[in-house]
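Heads up: the structure comes next, in structure tokens.
The values are calculated or read from the model by the stated rules, or taken from the named source; none is laboratory data. The structure presented is a predicted model; accordingly, all values stated were derived computationally and were not measured. A quick note on method: Cβ atoms are made from the backbone with ideal geometry, for glycine too, and the neighbour counts reach across all protein chains shown. The accessibility values were calculated without ligands, DNA or RNA, using every heavy atom of the protein model including side chains. Shrake-Rupley method; radii C 1.70, N 1.55, O 1.52, S 1.80 Å.
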Amino acid sequence: MHISSSLLSFFCLGLICLLPAMAQEMGMFTVHHTIGNVLCCKCGISMQPNAANMCANCLRSEIDITEGLQKHVIICHCPECDSYLQPPRTWIKAQLESKELLTFCVKRLKNLNKVRLVQAEFIWTEPHSKRIKVKLKVQKEVLHGAILEQAYTVEYVIQDQMCESCTRVQANPDQWVAAVQLRQHVSHRRTFFYLEQLILKHDAAARAIMIKQMDQGIDLFFSNRSHAVKFVEFIGKVVPSRSRNDKQLVSHDPKSNNYNYKYTFSVEISPVCREDLICLPPKVSNSLGNLGPLVICTKVSNHIALLDPFTLRNCFLDAEQYWRASFKSLLSSRQLVEYIVLDIEAVSSEVNIGGSKYALADAQVARISDFGKNDTIFNVRTHLGHLLNPGDYALGYDLYAANSNDSELDKYKGFVLPDVILVKKSYEEKWQKKRGKPRSWKLKSLNMEIDDNAAKGRDHEEKMNSEYEQFLRDLEENPDLRFNISLYRNKEYQPSEMASVTDGDDAPSVPLEELLADLDLSEEEADNDSMRE
């Protein structure tokens, strides 16, 4: 048998590597290999040998690897939007001593490719000093292959220079190129409270030069048409909406054939909101397999979720399906009436529909407002059998006393309206115990200007505060509603042990693990009104 020379050498090499370990296991004497020291050829101290035969201090005195590298750089900073100029025309937003700013500073250095960057860190400077100092640690191969490591400091001088968008705004605040008009024709602003949090989480309005709160919506102004188009596309992904656009000629240069336009995008959001009672048009009901006709809107995102509270049948309509045969709400959440559950009997087991749990049940309820006046009791079928117990409170629509004037409802001849349709469990009695107490969480808000023509006055302010408080309660009651938004810890909140004992069965609240630490909030920003508790 012939063994190749390569295979034999590989076998011998493996055997040589295993011999020391085998000798140590057998208790045999082994010779430990040591690295000898030599004397530095300059200062004569003992050191481990290297290619230059010089110690590190002597190498640094002989050779400066930072020679030719920039140690003073001038950078442009916009004080309005807190961004930095990346030549030639790109502006980058970055906070002081952030990783984005450190990356920007390192990229501004020239000839840094001649050395190997090992470490970079900020050296603290006064914020008003207009100086940024960065300590860099670099390596480079010097004499005969020896690698030298050296640290040096780079000083950046900040020069204030406004970016193009901020310059345009300061020169003329109304000098916008594209405007987006968000509108929803309903009597409340709960949809815009929710939409505001989605915009903040996804930073969708970062390019807006101005945001104005209007009577039935919001106006956003952009310096570029593409930014407005991108925002309209974002709105279409989070709520069922339709849009149309128009343009107006501002100026025209016949010599260069340049045209300047102002673009306007009108976005209409579906008037159907969560917890609304809807009477489906006959054509829509037939297209959905004879669903309804009375249904409850359980969720609104880029589609509308509808549920029949008497049969637990459900469907989902996207924006195209809705606007093809649009419909309005029969009753809205502002018309909910509080009931007390006297008795309840389960009809079906609990089922999961679209991520939410429901169970059919027959219940006896009475209006809270009837206590002490009459003994009117209603027998209803509800989809809240998994939540309600005798003695609980529930919110529902009082069709017994409602004056319904709906053309779609008149088309269903022979249809008998139920007396009551329950929508959700009520925690009003428990909310009264927590009235005036701070929450452990808070929300951010957009920096919006209020339109001069918008409704003002004490009544309007009280209405806005009441609707916002109801929105906060909805977030605490509904985990699905707060799934897509960011909630932050309230640093000023201090839990009271006595309050938890006296309240007993407390109202719904947000778990601490769902809250985010608001690291970007400065103490100065915490005091202003941009934070709503």
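Quick notes on this one:
- Pairs with Cβ under 7 Å, 6+ apart, first in the stretch 139-151 and farther than 21 Å from K71 by Cα, second modelled with pLDDT under 80 and surrounded by fewer than 13 Cβ atoms within 10 Å (Cβ to Cβ): L143/A51; H144/A51; G145/A51; A146/A51
- When each of A120, A51 is tested for being in contact with a helix residue (DSSP H, G or I) (Cβ under 7 Å, 6 or more places away or on another chain) and in a loop (DSSP other than H, G, I, E, B), the lone residue that passes is A51.
- Single condition V295 does not satisfy, out of (1) open to solvent by less than 30 Å² (accessible area, probe 1.4 Å); (2) within 21 Å of F378 (Cβ to Cβ); (3) touching a His at 6+ places or on another chain (Cβ under 9 Å): (3)
- Test for T382: is it surrounded by fewer than 13 Cβ atoms within 10 Å (Cβ to Cβ) and either at pLDDT 90 or above or touching a helix residue (DSSP H, G or I) at 6+ places or on another chain (Cβ under 6 Å) (or both): no
- Check on V138, part of a strand (DSSP E or B), outside the structural domain of R207 (by the TED database), of a type outside the set (F, W, Y) and more than 20 Å from I63 (Cα to Cα): no
- Taking the stretch 280-307 as the range and being more than 28 Å from the chain's Cα centre (by Cα), free of Cβ contacts under 8 Å to residues at least 40 places away in the same chain and not in a loop (DSSP other than H, G, I, E, B) as the test, the residues that pass are S285, N286, S287, V295.
- Residue among K71, K93 that is within 41 Å of the chain's Cα centre (by Cα), under 18 Å from K135 (Cα atoms) and in the same structural domain as D160 (by the TED database): K71
- Out of V142, V138, V118, V134, sole residue that is touching a Ser or Thr at 6+ places or on another chain (Cβ under 8 Å), within 30 Å of P49 (Cα to Cα) and open to solvent by less than 90 Å² (accessible area, probe 1.4 Å): V138
- For the condition within 32 Å of the chain's Cα centre (by Cα) and either assigned by the TED database to the domain that holds Q70 or hydrophobic (A, V, I, L, M, F, W, C) (or both), A120 qualifies.
- One residue alone among L388, L443, L422 is in a loop (DSSP other than H, G, I, E, B), buried (at least 16 other Cβ atoms within 10 Å of the Cβ) and either of a type in the set (K, R) or out of contact with any Asp or Glu (no Cβ under 8 Å at 6 or more places or on another chain) (or both), and that residue is L388.
- The listed residues are C81, C76, and the only one of them that is over 30 Å from C40 (Cα atoms), in contact with a Cys (Cβ under 7 Å, 6 or more places away or on another chain) and either assigned to a strand (DSSP E or B) or not hydroxyl-bearing (S, T, Y) (or both) turns out to be C81.
- Tabulated pairs, the stretch 312-329, first outside the structural domain of N286 (by the TED database), second aromatic (F, W, Y), C-beta under 8 angstrom, 6+ apart or interchain: none
- Scan of the stretch 121-131 for residues that are open to solvent by 70 Å² or more (accessible area, probe 1.4 Å) and in contact with a strand residue (DSSP E or B) (Cβ under 7 Å, 6 or more places away or on another chain), ordered by number: E121, K130, R131
- Considering residues of the stretch 190-244 that are over 28 Å from H460 (Cβ atoms) and of a type in the set (A, V, I, L, M, F, W, C) only, the residue modelled with the lowest pLDDT: A206
- Check on G14, on the phi > 0 side of the Ramachandran plot and either within 54 Å of the chain's Cα centre (by Cα) or modelled with pLDDT under 85 (or both): no
- Candidates R225, R183, R244, filtered to the one that is of a type in the set (D, E, K, R), within 22 Å of D318 (Cα to Cα) and in contact (Cβ under 8 Å) with a residue 40 or more places away in the chain: R183
- Within the stretch 425-440, the set of residues being in contact with a strand residue (DSSP E or B) (Cβ under 9 Å, 6 or more places away or on another chain), over 30 Å from A204 (Cα atoms) and in a loop (DSSP other than H, G, I, E, B) comprises just one member, Y427.
- Listed by position, the strands (runs of 3 or more DSSP E) inside the stretch 316-379 whose residues that are surrounded by 13 or more Cβ atoms within 10 Å (Cβ to Cβ) and over 31 Å from the mean Cα position of the chain (by Cα) number at least 3 are 337-346, 361-367.
- Test for A204: is it under 27 Å from R189 (Cα atoms), of a type outside the set (D, E) and not in a helix (DSSP H, G or I): yes
- In the stretch 479-513, of all residues being at pLDDT 70 or above and among the acidic types (D, E), the one that is most open to solvent (accessible area, probe 1.4 Å) corresponds to E513.
- Scanning the stretch 401-417 finds no residues that are in a strand (DSSP E or B) and not charged (D, E, K, R).
- Some residue of the stretch 234-256 being surrounded by 16 or more Cβ atoms within 10 Å (Cβ to Cβ) and of a type in the set (D, E, K, R): no
- One residue from N374, N405, N389 being farther than 27 Å from L512 by Cα and touching a residue at least 40 places away in the same chain (Cβ under 8 Å): N389
- Qualifying positions in the stretch 448-478 - open to solvent by 70 Å² or more (accessible area, probe 1.4 Å), outside any helix (DSSP H, G or I) and at pLDDT 80 or above: E449, I450
- Of all the listed residues (L200, L277), the sole one being within 23 Å of S466 (Cβ to Cβ), open to solvent by 10 Å² or more (accessible area, probe 1.4 Å) and touching a Leu at 6+ places or on another chain (Cβ under 7 Å) is L200.
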